[in-house]
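The values are calculated or read from the model by the stated rules, or taken from the named source; none is laboratory data. Predicted, not measured: the structure shown is a model, and the values here were computed from it. So basically every Cβ, Gly included, is an ideal-geometry build from the backbone, and we count neighbours across all protein chains shown.
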């Protein structure tokens, strides 16, 4: 493809200097794309792979679907997690999004939003907006 472009350029009276002026910007764009897009993605993929290999029994995890659970058994491609009340499910290792370092952070977030009434507001476009109202706990 590039060969045909070069032939057309020479046929139109182009010089090697005009070819060089095209190659320099294209190579700069390629370098910028590598450092801003490809390299960070490779770094995240390596960190995720390291996290998956470091999983052990008892670790708290979050799946890509948003399930929270505790690792019970690790197999070659699957992980059995306990999601509460003795319910165990088997998921693929690749479906694990992250490992929760502090279990207290999740419990505190769940406690903070538990019992807060949720109100549904509709916008002019018919879409919905969900907001959480803070409420005081009533004492009897």
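Every residue, every condition in (1) without any contact (Cβ under 8 Å) to a residue 40 or more places away in the chain; (2) surrounded by 10 or more Cβ atoms within 10 Å (Cβ to Cβ); (3) under 23 Å from residue 101 (Cβ atoms); (4) in contact with a helix residue (DSSP H, G or I) (Cβ under 9 Å, 6 or more places away or on another chain), yes or no:
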{"residue": "32", "(1), (2), (3), (4)": "yes, yes, no, no"}
{"residue": "39", "(1), (2), (3), (4)": "yes, yes, no, no"}
{"residue": "42", "(1), (2), (3), (4)": "yes, yes, no, no"}
{"residue": "46", "(1), (2), (3), (4)": "yes, yes, yes, no"}
{"residue": "55", "(1), (2), (3), (4)": "no, yes, yes, yes"}
{"residue": "58", "(1), (2), (3), (4)": "yes, no, yes, no"}
{"residue": "65", "(1), (2), (3), (4)": "yes, no, yes, yes"}
{"residue": "69", "(1), (2), (3), (4)": "yes, yes, yes, no"}
{"residue": "80", "(1), (2), (3), (4)": "yes, yes, yes, no"}
I'd like the full set of residues that are touching a strand residue (DSSP E or B) at 6+ places or on another chain (Cβ under 9 Å) and assigned to a loop (DSSP other than H, G, I, E, B), limited to the range 56-85. 56, 57, 58, 59, 64, 65, 66, 67, 75, 77
Over 24 Å from the mean Cα position of the chain (by Cα), modelled with pLDDT of 60 or more and outside any loop (DSSP other than H, G, I, E, B): does that describe residue 88? yes
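Need at least 3 residues that are modelled with pLDDT of 90 or more and closer than 30 Å to residue 76 by Cα per element, so show me which helices (runs of 4 or more DSSP H) inside the range 1-55 make the cut, counting only ones lying wholly within it.
Correct list: 39-53.
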Answer residue from the range 99-113, given it is loosely packed, with under 13 Cβ neighbours inside 10 Å and under 21 Å from the mean Cα position of the chain (by Cα) and is modelled with the highest pLDDT among those: 101
